[in-house]
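J.: One structure is given below, represented as structure tokens, and several questions about it will come after.
No lab work stands behind these numbers, since they all come straight from the coordinates. These figures come from a predicted structure and were not determined experimentally. Methodologically, a virtual Cβ is constructed for each residue, glycine included, from the backbone with ideal geometry; neighbour enumeration extends over all protein chains shown.
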Amino acid sequence: MSSTHEPNSRTEVVRDTIVLQLKLIVDGLRDLALMPICFFAAIFGLIKHSERPGRYLYRVLSYGRMSEKWIGLFDDANKDTMEPIKYEGKNFDDLLQKTQTAFESKYIDPEKKDLLVKKLDAALNEINGKLNKNKPDNSSEAT
């Protein structure tokens, strides 16, 4: 940060605290709405599109990322005048992957897992085939 940065006034801190609380509320409401929307987008994509099953989920995630930037929850962190916090460690996805790997290695039989995945894929293909049976070829469909 710049060494010429002036200390924050009490009024600014009060205002930024109130704004942060409002942003946290908006962010929480957005997250609450995204939970079922993402779930149903994923289910719909899995059932409807065998070639690109994640098309709806990842579109919703793109909107979520855009709304995250719009909300700007931590934008005022740039007012921090102390030495920047550097974090180059693992993120939450890394923790989830490690947990999944440990759980699967201890409790999941790889052969049974592969069989279950194949059965799920076959069931989704069957549903997809039934849904698209009477429809014209929609492989060039853009949505």
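J.: F40: net charge of surrounding residues, Cβ under 14 Å, Lys/Arg +1, Asp/Glu -1, itself excluded?
T.: Value of the local net charge: +3.
J.: Given the convex hull over the Cα atoms of segment 90-133, what projected area results after averaging over all orientations, in nm²?
T.: Details: hull surface 17.4 nm².
Here the figure is 4.3 nm², rounded to one decimal.
J.: Compute the distribution of all C-alpha to C-alpha distances in the chain, in bins of 5 Å from 0, and list the percent of pairs in each, rounded to whole numbers.
T.: 2, 7, 9, 11, 13, 14, 11, 10, 7, 6, 4, 3, 2, 0
J.: Would you mind getting me the FRET efficiency between R52 and L116? Use the beta-carbon distance for r and R0 = 22 Å, nearest 0.05. Don't skip to the answer; put the middle values down first.
T.: On the way: r = 22 Å, r/R0 = 1.02.
Using R0 = 22 Å, I get an efficiency of 0.45.
J.: Another question, if that's okay. What's the FRET efficiency of D80 with M35 using the Cβ-Cβ distance as r and R₀ = 35 Å, to the nearest 0.05?
T.: Values: r = 31 Å, r/R0 = 0.89.
The pair D80/M35 has a calculated efficiency of 0.65.
J.: Now, a different point. Packing-wise, with mean Cβ within 10 Å as the measure, how do 8-18, 45-55 rank, highest first?
T.: On the way: 8-18: 11.2, 45-55: 15.4.
Highest-to-lowest ranking by the protection proxy: 45-55, 8-18.
J.: Under the 0.36 nm per residue contour assumption, what length would be gained going from the current alpha-carbon distance of D94 and M66 to full extension?
T.: Numbers: separation 28, 0.36 × 28 = 10.08 nm, distance 2.31 nm.
Stretched fully, the D94-M66 segment lengthens by 7.8 nm.
J.: Let me ask another. Starting at the first residue of segment 38-52, write each ³J(HN,Hα) from the Karplus equation 6.51 cos²θ - 1.76 cosθ + 1.60 with θ = phi - 60°, in whole Hz, x for Gly and Pro.
T.: Per residue, the Karplus-derived 3J(HN,Hα) values read 4, 4, 6, 5, 5, 4, 4, x, 5, 7, 8, 10, 6, 7, 10 Hz.
J.: Can you return the lysines within cross-link range of K69? Criterion is Cα-Cα under 23 Å, with same-chain partners fewer than 8 residues away left out.
T.: K23, K79, K86, K90
J.: Any chance you could give the angle, 0 to 90 degrees and rounded to 10, that helix 110-131 forms with the longest Cα principal axis of the chain?
T.: 80
J.: Kindly provide the Kirkwood hydrodynamic radius of segment 20-84 in Å, to one decimal, from all pairs of distinct alpha carbon atoms. Provide the component values of the computation, followed by the final result.
T.: On the way: mean 1/r = 0.0737 Å⁻¹.
Result for segment 20-84 stands at 13.6 Å.
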